[in-house]
Every structure is written in C-alpha cells, then in structure tokens.
1. Could you please tell me which pairs satisfy a Cβ distance under 8 Å, a separation of 6+ or placement on different chains, a first residue in the stretch 1-15 that is closer than 16 Å to residue 55 by Cα, and a second residue that is of a type in the set (Lys, Arg) and at pLDDT 95 or above?
2. Quick one: residue 212 ticks every box in (1) in a loop (DSSP other than H, G, I, E, B); (2) under 21 Å from residue 307 (Cα atoms); (3) of a type in the set (D, E, K, R) bar one, so which box is it?
3. With the checklist (1) modelled with pLDDT under 95; (2) more than 16 Å from the chain's Cα centre (by Cα) in hand, flag the one item residue 180 doesn't pass.
4. With the requirement that a residue be touching a Ser or Thr at 6+ places or on another chain (Cβ under 9 Å), modelled with pLDDT under 95 and part of a loop (DSSP other than H, G, I, E, B), what does the stretch 103-123 give you?
5. Working only within the stretch 76-97, note down all residues that are in contact with a strand residue (DSSP E or B) (Cβ under 7 Å, 6 or more places away or on another chain) and farther than 24 Å from residue 136 by Cα.
6. Residue check, residue 166 against (1) under 21 Å from residue 211 (Cβ atoms); (2) within 20 Å of the chain's Cα centre (by Cα), all met but one. Which one?
7. Of the residues that sit in the stretch 158-195 and are part of a strand (DSSP E or B) and without any contact (Cβ under 8 Å) to a residue 24 or more places away in the chain, which one is surrounded by the fewest Cβ atoms within 10 Å (Cβ to Cβ)?
8. Quick one: which helices (runs of 4 or more DSSP H) lie wholly within the stretch 1-93 and hold at least 1 residues that are of a type in the set (Val, Ile, Thr) and at pLDDT 95 or above?
Amino acid sequence: MTPVPVALGPHTTPLLEEAVIRGGAVVSPLEGARALVWNAGPDQFPDSLPDGVRWVQLFSAGVEEWFDSGIIARHSDVEWTSAAGAFAATVAEHALTLLLAGVRSLSDQVTATTWRQEEFFGRVGTLRGARVGILGAGGIGRALIPMLTAVGAAVVAVNRSGTEIPGADMTLPAHRTDEMWSLVDHVVIAAPATADTRHLVGADELRRLGPRSWVVNVARGSLVDTDALVAALRDGTIGGAGLDVTEPEPLPDGHPLWTLPNAIVTPHCSNPPAVRPQAFADHVAANVSRFVAGEQLLARIDPLAGY
C-alpha cells in the first residue's frame, strides 16, 4: 500500500516531519499531497490548493482570523482541523494557577512589605468545597477538571451540546449557560471566540456571582465585557479576575486592569512557545494516523459554528 502523502507548509521542521512519519504517512510536496499541515498564520496561505488535498491541519487552537480572512470559506470542500486540545494541558495549568492565586490572595501577599497575618487570614480562601463553572468545556476545560477535583472543587461544565463531561458534577448545554451563574463560586472561561460568544460575560452575569468569586479568562478577551468587568472589580461585585487574555490586547499602559488590586493580568503566556512545537507535533501525528485510517479527525472546524 502506497503511503499517504502529506505536505508541510510554509516551512518544514524535523519535529513535524517525524510526526507525519509517526502517523503512518510520508512527507510530500504540496502538488500530489492528500493533506497539508500548515504551521503559520493565514497571511502566507496559498490562494489555491491542489485538487488532491482533502484536509488542512492548522497550527493554532483559535481560528477566528482564518474565518475573518475568508480562507476556510474559499476552500469549503476541504476538511479543516485546528490545534484545539493540543495545548490544553498547559493552558489549563495556567488557569488553575490564576484561580488559586486569586482565591488565596497570593498577589497581595507576595507584594506586601509588612507582616499582615491577621488581615490575610480573613482574605485567604480555598477551592476545597467550591463549585467552579467552566464556560467552554472543550480540550482546556476537560484538562482542567481533574486539576480542580484534585484540590477538592466540584465542576459545573458548559459545552455546546450538553453532552456529559467526565468528572464534572453537572454539564449544561450552551443555551442554558444562564443557569450556571447562580450555581457556582468561580468561573473559568475557555470558550471559542465567535460572534455568538462576544461579551458572553457582562454586567448581568457578574452580578450573579458573589463578592468572593473569581473570574478567570484563558480563552479570548472578546468573551468578557471589559468595562463591565472593571466596574465589577472596582465596586466589589466579584472578588477578582485572573486574565491571560484581554480586550484590547495587548492591554495598553495605564489601563485600570493594571492597577486594580483584585486583578491579575498575565500577557497571554498560558501557552508558552517552548512547549508548542512538541505538543503540536503530537497532535499532528495523532491526526495523520486518523487520516490514514479513514477515521474522524481531532479538532474538526465547523464552518457554521465558526470554530
């Protein structure tokens, strides 16, 4: 049986070459290839694809810029997959770090210059016994659930279909998201950025949380109404926010989120460059293996849903 030819673009790396081979295929020029693994953004993507290409694997988990560019619509006869799930473990780890730092008042403690034990005793909380809502329980959410349950938290997961998520106490479909807010103590946002999820978290949602609740966003800044969040942080509607993504991004100098004492901002570093190549290579190997076997691919992009 002739090996399935898979092209790499716009450039190749030993890791990706090995991943294609590990998946049971052979690295090939684009002409004559059955699939294309693309490890760059949309700017360099070819205007046309050879007729033989049936599948394109993208490097990023978020694909909004690919929809904005019209590339996916232009090649609607091709199956597209993202890297969703490939980087889930490291992003979930960052989400847990932000949540724990907020709940346990770490940012204030590590910057304190005097011994304020009694003050912090009243502010340090715990995730043990808490209920954490996960908005968008895809790859990141699924990776986060065992981390949360390991420290004694329970999880209310929200996904598009409402299909039960292993490890979650409760799973809600996206159209019932409104029910989640009164059920949880804290919220982690890990949903895709689409027109439907823009400002998914606004003033009304934040009001339904509590003064000790933390909101963590490791998805995209557009999912949170920044003005509403700043207001909720200032007036104590919620306990705090841990943000690896913001709107706008980069967050400009002088923005209130930099100086609010109950906001922790990290510069979109939950998926650091050092871990991406190997994680993506493993994702490619798994998907190439599925493609060769004629099985359903991981992280398929739904053109109608926008992710």
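1. If the second residue must be of a type in the set (Lys, Arg) and at pLDDT 95 or above, the pairs left are 4/34; 5/34; 6/34.
2. (2)
3. Only one criterion in (1) modelled with pLDDT under 95; (2) more than 16 Å from the chain's Cα centre (by Cα) is unmet by residue 180, namely (1).
4. First, pick out the residues of the stretch 103-123 that are touching a Ser or Thr at 6+ places or on another chain (Cβ under 9 Å): 103-104, 120, 123.
Among the residues that remain, those that are also modelled with pLDDT under 95 are: 120, 123.
If the condition is that a residue be touching a Ser or Thr at 6+ places or on another chain (Cβ under 9 Å), modelled with pLDDT under 95 and part of a loop (DSSP other than H, G, I, E, B), then 123 is the only one that fits.
5. First, pick out the residues of the stretch 76-97 that are in contact with a strand residue (DSSP E or B) (Cβ under 7 Å, 6 or more places away or on another chain): 78-83, 95.
Within the stretch 76-97, 78 is the sole residue that qualifies.
6. (1)
7. Ranking the candidates gives 173 first.
8. Working: elements: 14-22, 64-68, 71-74.
By residue number, 14-22, 71-74.
The values are calculated or read from the model by the stated rules, or taken from the named source; none is laboratory data. All figures in this text were calculated on a predicted structure; none of them were measured in a lab. With ideal geometry, Cβ positions are generated from the backbone for all residues, glycine too; neighbour counts draw on all protein chains shown.
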